[in-house]
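Comments concern the structure below.
The values are calculated or read from the model by the stated rules, or taken from the named source; none is laboratory data. Computed from a prediction, not measured in an experiment: that's the story for all the values here. Every residue, glycine among them, receives a Cβ derived from its backbone with ideal geometry; neighbour counts consider all protein chains shown. Remember, those area values only see protein heavy atoms, side chains included, never the ligands or the DNA or RNA. Shrake-Rupley method; radii C 1.70, N 1.55, O 1.52, S 1.80 Å.
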Number of protein chains: 2
Amino acid sequence: MKIALAQQNYIVGDFEGNLGKILKGIDEAAAKGADIVVFPELAVCGYPPRDFLDYKDFTRRSLQSVDTIRKYAAGKVAVLVGSPSFNNDSDGKDLYNSAFFLHNGKIIHLANKALLPTYDIFDEYRYFEPAKNFSVAEFGGKRIAVTICEDIWDIDDVNPMYTFNPMERLMEQEPDIMINLSASPFSYRHADERIAVVKANAIIYNLPVFYCNAVGAQTDIIFDGGSLVASPSGYIVDELPYFEPALRVYDCSEVCHPENSSVRDNIAPKESLPLIHDALILGIRDYFQKSGFSKAILGLSGGIDSALTLVLAVRALGAENVLSVLMPSQYSSDHSIDDSLALVKNLGSPYHIIPIHDVYQAFETALQPYFNGLPHNVAEENLQSRIRGNYLMALSNKHGYILLNTSNKSEAAVGYGTLYGDMCGAIGIIGDVYKTQVFQLCEYINKDREIIPRNIITKPPSAELRPNQKDSDSLPDYDILDKVLYEYIEHCYGPEEIIAQGFDEALVRRVLRLVNRAEFKRYQTPPLLRISHKAFGMGRRLPIVARYLE
Amino acid sequence: MKIALAQQNYIVGDFEGNLGKILKGIDEAAAKGADIVVFPELAVCGYPPRDFLDYKDFTRRSLQSVDTIRKYAAGKVAVLVGSPSFNNDSDGKDLYNSAFFLHNGKIIHLANKALLPTYDIFDEYRYFEPAKNFSVAEFGGKRIAVTICEDIWDIDDVNPMYTFNPMERLMEQEPDIMINLSASPFSYRHADERIAVVKANAIIYNLPVFYCNAVGAQTDIIFDGGSLVASPSGYIVDELPYFEPALRVYDCSEVCHPENSSVRDNIAPKESLPLIHDALILGIRDYFQKSGFSKAILGLSGGIDSALTLVLAVRALGAENVLSVLMPSQYSSDHSIDDSLALVKNLGSPYHIIPIHDVYQAFETALQPYFNGLPHNVAEENLQSRIRGNYLMALSNKHGYILLNTSNKSEAAVGYGTLYGDMCGAIGIIGDVYKTQVFQLCEYINKDREIIPRNIITKPPSAELRPNQKDSDSLPDYDILDKVLYEYIEHCYGPEEIIAQGFDEALVRRVLRLVNRAEFKRYQTPPLLRISHKAFGMGRRLPIVARYLE
């Protein structure tokens, strides 16, 4: 039996476009001699559809796509494709997250997802009733255990979050093959975890595993592909490409060939920097392509964050499509302009220089009667940042550029940024990248030749909103700050647990207070491309009015 | 047996403050001769704690509060109080949503919530394992069925969303009394639904029901109180006040007195306008009090939205604490200023007038070389709105005012607003109020005397960003628009279902496209006080990059 994995890139709610890709995949798989072609979880509507699933109309359209696929594939190839479907029982949630097994114009099997991820960015129990009945599909003389994404993840040492395991139920019917339809998003450690889970399933159940993942970015969430085929001994027979679509066909008997039972650890752990780099580029590219835009704009300050954002955008969209705007003030250092100019020259990308002085003066004059002679403070600092935001948005509105947000995760965490100023933008490019990772990514980009001028990397970070301002005036060193943030945000440790690791108590309490108090700012930031397992945004939901650790 | 309901107002994560209120409630209930005092769901930590529940530290602190309460109440009164607790099984989610029954220094019963709302603003299955075992509590010779909020809502004709009913399980043990600990948020139809649910439970199970709700606003979510006591025949013996804390004691035998078995429908349906009015005022007041602020600022345009926002803010915070800023441009009509001045005079609240002309000119001059002589368009319109946003934020930052957002729900729906301009603000006051409801609320406010000048209510709505601009140039009449929006947003009907109701097809398709395309704007808006059962924000989660109905 030949099984094709079709790792495709969909747009949520683009029924026509997604259907077109699936039909093409059917033709390609059939041409390559496949008996079954497997598409990802919720392929017909794209993942995650979120509250579009509250619209019956949305599920009806999904099912219409399934129906078209059923007819189109008849006589060509059997199909396993993901779609929402209606729960026709009177009780429970309205929908199932389903995999339709289509063959010769018929639905020969329907598998519903049992383990519904409802944590971090996932809300599946919001929409779906968990499957309660389990049966294997019969096809071509084989018994196939069809599971959907999370269904294979409740392995004891990985994620014992659920109270039962659907694969154990399916094993009662002695399947010959496991097929999993997934939409499993990227984080920089997730590929290794995924390989471990697929291996573990193969070994525990002694079955060949065919795992088909989605690829492509959906707003902030990046699907990295990397679909997998494992032999019953846990040997990874193939790993599909990362960050791009692919379709490959596997002969089941070759996958199960005894020579695949010898080596079990044939995939080395992945390095995170190249993954993050490639993920962010895909994130930018898909945001633009899927929204129908081609041109980006950003404020280039001379600092490392906007420099990194520019390089990533140029790699995603092409140098000619990324406009940098340099907006010096009286507090800008000379090197800010020089370094920025050196960078755009290296990249060959366009730029404007628009000083903010005259507008700032006009604001000061207008506000002077109402500032009551109070000293220069955050009001004047934020005003500069907001004037820059206005320039960028005016150019965006006039010419159809999309504004990239350049804030990093460390800043977003402690609220070191100006709402409606440098926090503007349609999409945050490095908002899930800690400052220390920003430095590492710049070194990675410069590994063969100096693309980002060295001075941008080595000079002390500064917002340049008052004379001789440095980030280190207000914040701990990023080396320490990022470690404390990681313990609090990624590990969810409380203050005592972090202090017990040896960090200074006053520093820890101050940082945690800063993080919690900045929730009102993060609530209004753009979506941030997610590269960690705990990004700000949909995956981290906190009240604004609260007193915990404040 | 005497049962006290303590309808209290907490702050999320304010363990010390919440504990103080609970201990006071214990003293008051004991002084009034109660045998049991009932506090709301998750009282010790406040509801909704959201992802603070991912912090073990947070649950540990909650349990410390329970421990203090246990000791404090010993010998005074028995206590039923809500707190998260740890799930000590190796499988399933880490926590339970629990009710602790404390008596004489002991935990005499622990009830866990079984039905975990995971829809709209609710995310409970994100955190909690549902209860699987059920038993009644024994106290003072009575068998008490203790349930938590949603546990009593799965009544066939109300909400058949779950596959089993915890009250049916508890009935096997023949309880004498039902007690429910709730944190059930306001929407303008919810009070009637809640009364119906409590009545239905009393009648179906033939038990007296003691229902204790929380009160107070938590950022955007408003808890309205209105706790209830019902006789076994479904007679509503008492309804606690709405929008304010209260503690009352009931004698169980009086509740069950035969005279309470005659009249079943003694509570008239509530009128929505007074509820919305009072809810918004509580929402503003609690946002400020709980955040430690007292002074608000807003842009007063001369239009009806900012006028309504100002009146509500003055009623919540006091006239002297709400600063209006009038920011005329060359496109502002004379009546904009006159009407605004008449309003602030009626209210006795302070104001500034700061024209935007000079700053606008400075921007135009700076941007002119980059606008390439292109015609006046949305870039110039948005720029005016953003200059106003900058003024307001500068005054906010200088003086510690909190900026109120004045956008209504109709605008938010179709994207008729400027990001970083009129969409600025810490909290949206009328962002869940459709434009047609804005008019109704203004008439309600003016019912005894003209507080909002009539001209503000009667003039055609306009953003005044270009000469003679009217909302009706770009949008359908609000009467029709709001109806279509309601069908799409509140009812989740698709285009065909709305068109089938008799609305013009082109208009429906255009409106739905506008709504879906404006998702990127709504993503960056402040939290909006929720008064409907489907508000923008946490309760409505949609992807930004998508093509459904576009």
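Quick notes on this one:
- Summarising the strand pairing of chain A, around 55 percent of its internal DSSP beta bridges are antiparallel.
- Kirkwood-type radius of the protein assembly as shown, with distances r between different C-alpha atoms, in Å: 31.0
- Centroid-to-centroid, using Cα positions, the range A:87-161 and the range A:371-394 are 53 Å apart.
- Compared with the dominant principal axis of the Cα atoms in chain B, helix B:272-291 is inclined by about 90°.
- Each part gets one Cα centre, and for the range A:498-524 versus the range B:235-273 those centres are 46 Å apart.
- The fraction of accessible area contributed by carbon and sulfur in the range B:163-219 is 47 percent, rounded to a whole number (1.4 Å probe; ligands and nucleic acids excluded).
- Helix axis angle, B:56-73 relative to chain B longest principal axis, alpha carbon, degrees: 50
- Scanning residues 5 or more positions from B:Leu403 or on other chains, those with amide H under 5 Å from its amide H are B:Ile297, B:Ala426, with H placed 1.01 Å from N in the peptide plane.
- Amide hydrogen neighbours beyond the local backbone of A:Asp238, cut-off 5 Å, H modeled: A:Val229
- Annotation: amide H-H contacts under 5 Å for A:Arg143 (H modelled 1.01 Å from N, sequence separation of 5 or more, or interchain): A:Asp176, A:Ile177.
- Per residue, in Å², the accessible surface of chain B once ligands and nucleic acids are set aside, probe 1.4 Å: 35
- Inter-label distance, B:His352 to A:Asn104: 7.9 nm, where each label sits 7 Å from its Cα along the C-beta direction.
- Chain B: angle of helix B:334-347 to the longest principal axis, Cα-based, in degrees nearest 10: 30
- Label point 7 Å beyond Cα along the C-beta direction, distances from A:Pro258 to other copies (nm, shortest first): 8.9
- Of the residues B:Tyr242, B:Thr147, A:Met327, the one whose Cα sits farthest toward the positive end of the charge dipole of the protein assembly as shown, with +1 on the Cβ of Lys and Arg and -1 on the Cβ of Asp and Glu, is A:Met327.
- Per-copy distances of the A:Arg449 label point, shortest first, in nm (7 angstrom along Cα→Cβ): 7.9
- For the range A:445-496 versus the range B:405-453, the gap between their alpha-carbon centres in whole angstrom: 41
- Taking all Cα pairs closer than 8 Å and separated by 6 or more residues, the relative contact order of the range A:1-142 comes to 20 percent.
- When the square roots of the Cα gyration tensor eigenvalues are ordered a ≥ b ≥ c, the ratio a/c for the range A:377-431 is 1.5 or more and a/b does not exceed b/c, which makes its shape oblate.
- Computed about the Cα centre, the dipole magnitude for the range A:14-110 is approximately 340 debye when only Lys and Arg (+1) and Asp and Glu (-1) carry charge, each at its Cβ.
- Partners of B:Lys71 within straight-line reach, counting lysines whose Cα lies under 18 Å from its Cα and excluding those fewer than 8 residues away in the same chain: B:Lys21, B:Lys24, B:Lys106.
- Point-to-point label distance, A:Glu364-B:Asp448, nm (Cα→Cβ direction, 7 Å offset): 5.0
- Here A:Ser135 yields copy-to-copy label distances, from shortest upward, of 4.0 nm, the label point defined as 7 Å from Cα along Cα to C-beta.
- Only Lys, Arg, Asp and Glu carry charge here, each on its Cβ (+1 for the first two, -1 for the last two); on that basis chain A has a dipole of about 1200 debye about its Cα centre.
- Per-residue mean of foreign Cβ neighbours for B:119-126 is 4 (Cβ atoms of other chains, 10 Å radius).
- Across peptide B:368-379, the mean count of Cβ atoms from other chains lying within 10 Å of each residue's own Cβ comes to 3.
- Applying a threshold of 28 Å to the alpha-carbon distances of A:Lys409/B:Lys534; B:Lys270/B:Lys409; A:Lys345/A:Lys435 flags A:Lys409/B:Lys534 as lying beyond it.
- Computed over chain A: relative contact order in percent, which uses C-alpha pairs under 8 Å that are six or more apart: 11
- Listed residues B:Glu138, B:Glu150 arranged by accessible area, highest first, probe 1.4 Å: B:Glu138, B:Glu150
- Averaged over peptide A:344-354, the number of partner chain Cβ atoms lying within 10 Å of each residue's Cβ comes to 1.
- Global geometry of the range A:60-113, whether rounded, prolate or oblate, following the gyration tensor of its Cα atoms and the 1.5 cut on a/c: prolate
- Whether the range B:424-470 is rounded, prolate or oblate, judged on the alpha carbon gyration tensor where a/c under 1.5 counts as rounded: oblate
- Pairwise burial B:A, computed as accessible area of each alone minus the pair, summed, 1.4 Å, Å²: 8800
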